[in-house]
1. Express in Å², to the nearest 10, the accessible area of Asp302 obtained by rolling a 1.4 Å probe over the protein heavy atoms while all chains stay in place.
2. Count charges around Ile445 for me, please; just the other residues with Cβ under 15 Å from its Cβ, Lys/Arg as +1, Asp/Glu as -1.
3. Rounded to two decimals, what is the ratio between the C-alpha radius of gyration of the chain and 2.2 N^0.38 Å?
4. Going by accessible area, probe 1.4 Å, with all protein chains left in place, what is the ranking of Leu241, Leu252, largest first?
5. Just to confirm my understanding: which cysteines in the chain have no other cysteine beta carbon less than 4.7 Å from their beta carbon?
6. Quick check: with the 1.4 Å probe, what order do Trp150, Trp291 take by accessible area, largest first?
7. Going through the cross-link list Lys72/Lys139; Lys187/Lys449; Lys72/Lys235, which pairs have a Cα-Cα distance over 18 Å in this structure?
8. Restricting attention to the stretch 422-479, which trypsin sites (Lys or Arg not before Pro) occupy a DSSP loop and are surrounded by at most 16 other Cβ atoms within 10 Å?
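The values are calculated or read from the model by the stated rules, or taken from the named source; none is laboratory data. This is a predicted model, so every value here is computed, not measured. Virtual Cβ from ideal backbone geometry, glycine too; neighbours counted across all protein chains shown. Side chains included, ligands, DNA and RNA excluded: accessible areas come from the protein's heavy atoms. Shrake-Rupley method; radii C 1.70, N 1.55, O 1.52, S 1.80 Å.
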Amino acid sequence: MQDIDILVIGSGIGGLCAAGLLARYGKRVIVCESHTIPGGAAHSFKRRGFEFDSGPSFYCGLSESHSLNPLKQLLDVLGESLQVIPYDPLGHYHFPEGTFAVYSNGELYRQELAKITPQGAKEFQQFEQRLLGLYDAMKGIPTLALRADWQVIPLLLQRYLPDLGKMLFNLPIVQTSVGSVMNATIKDPWVKRLIDLECFLLSGLKAEGTIAPEVAFMLGERCRAGVEYPLGGSKAIVDALVRGLQRWGGELRLGCHVEQILVEGGKAVGVKLKSGEILKAPIVISNATLWDTYNHLLHPEDLPASYRQAALDTPAVESFMHLHLGIKAEGLENLTGHHVVVHDSHQDITVAGNTCMISIPSVWDASLAPAGNHVVHAYTLEPYEGWERNDDYENQKREKAQSLYRALERIIPDIRERVVLELIGTPLTHAHYLRRYQGTYGPAIAAGKGMFPGTHTPIKGLYRVGDSTLPGIGVPAVAASGILCANTLVSVLQMLEVL
Ligand SMILES: Cc1cc2nc3c(=O)[nH]c(=O)nc-3n(C[C@H](O)[C@H](O)[C@H](O)COP(=O)(O)OP(=O)(O)OC[C@H]3O[C@@H](n4cnc5c(N)ncnc54)[C@H](O)[C@@H]3O)c2cc1C
């Protein structure tokens with residue numbers, strides 16, 4: 001037990017990235033994962049030959065060298081790589097008034113926009129240029145060169161002075177919301193709605209609530225690197241991170257639920273597992289959400305009361321209804337993989353059931369479904385409140401899944417006749433399998449309305465990673481959170497060796 005340098009609670013992408021990099025730096029790391037499958041929100045599961053992604057399916061920059069995706073930068077230093085399938089258009093948005101192809105290629109994207117609103121397409125170009133200026137400024141500094149303490153300043157000054165200058169020039173826009181950039185450049189209501197939708201898909205919030213760098217990065221990366229799907233599904237990413245961790249001597253324990261973070265004299269000293277076993281280490285990193293860490297893993301008296309209350313009061317994005325289907329593929333030769341369906345233009349896009357996301361990854365990787373079948377994942381926001389495992393649970397599930405079926409009918413009209421396997425997940429399912437507070441997608445900290453708390457905590461030796469530490473819910477952002485945390489725990493010299 002004396003041998004452990006760092007304990008990581010949770011094998012989400014944030015936890016695995018922190019653990020992998022720390023192992024790469026030579027630290028003795030153990031990751032304790034409650035589930036029997038690693039990956040958290042990005043884990044995959046198999047039923048009757050169908051390999052389902054439980055969450056993410058949309059990725060950029062996983063394969064190119066010198067990628068800006070923090071996840072790829074980390075895989076590189078761990079000596080891991082992924083095989084990917086590039087595709088474009090990256091998806092189709094289905095509005096009640098028609099369907100719109102979304103291209104990674106900026107020129108093609110604007111051409112599609114111009115078919116609907118020529119003036120809107122011109123305005124969009126101005127919006128895009130503002131944000132791409134910010135992206136250009138950000139892209140010179142790799143995430144691997146960042147850390148969450150003052151030592152980042154001399155490091156950046158020494159190695160990235162011109163890029164730092166560009167960033168400082170863009171500082172006003174770094175702090176703003178996408179809404180401000182949109183209102184300054186766009187009048188067309190249809191394009192505004194489109195931008196709201198893209199922001200919502202990224203952050204769970206509309207343009208007013210989403211920070212500009214998040215969308216700048218998304219637009220820049222999808223134009224520059226394109227969109228791709230990992231061969232083997234999201235599981236391939238998680239497997240690569242686990243292999244990388246193990247290659248550098250780290251350990252992953254599955255089915256290993258942490259019940260308590262042990263704190264002595266204001267300092268984290270280890271964890272107590274559900275099994276009763278105690279693991280001691282001078283550093284503990286929690287990849288559980290902010291609410292789960294502060295509510296369940298610590299005693300209230302471990303934290304300053306006002307800090308704890310403010311943290312627990314952080315608003316959360318709602319949870320999800322999920323529909324995982326295995327379907328017969330016959331006659332669906334021209335099917336494409338990503339779709340977003342908005343049922344009702346008069347209702348807000350954030351209303352539960354109104355915006356439905358669909359992913360059919362077997363169109364890119366046929367091995368994810370038995371021959372002659374496709375694997376489908378459809379999901380939509382759904383509040384946690386109102387769900388209970390009572391006598392009505394099964395009926396409520398079926399009823400709530402109808403908006404997802406109706407969305408799928410826009411793409412595959414006879415979807416219901418094709419189903420060979422159906423799994424419906426509710427916010428209770430999501431909270432249970434992902435061990436996430438109320439099954440939330442993540443914190444709803446709107447741009448300008450609060451700061452993300454970062455990796456430090458008031459408890460010495462206790463750090464946090466994952467989507468409730470840095471802005472930008474999503475795989476690149478949580479990978480960045482893991483990298484920043486790991487770098488903060490080593491010397492600049494060690495960082496430079498890896499860089
Ligand atoms: C439906 C859906 C679709 C998405 N689509 C995309 C997409 O296309 N592209 C994209 O980039 N992002 C997408 N995301 C977002 C992305 O998947 C998440 O932001 C990211 O995976 C969250 O990672 P995390 O590190 O914060 O941790 P989590 O994924 O929350 O993992 C935390 C881990 O900690 C474990 N844990 C918690 N408590 C304990 C405990 N007490 N003991 C032991 N282990 C514990 C959990 O079991 C879990 O494995 C999507 C998310 C969802 C839900």
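1. We get 40 Å² for Asp302.
2. Value of the local net charge: -2.
3. For the chain, the normalised Cα radius of gyration comes out at 0.95.
4. Ranked from most to least accessible, the order is Leu252, Leu241.
5. That list is Cys17, Cys60, Cys199, Cys223, Cys356, Cys485.
6. From most accessible down to least: Trp150, Trp291.
7. Long pairs (Cα-Cα over 18 Å): Lys187/Lys449.
8. Lys449
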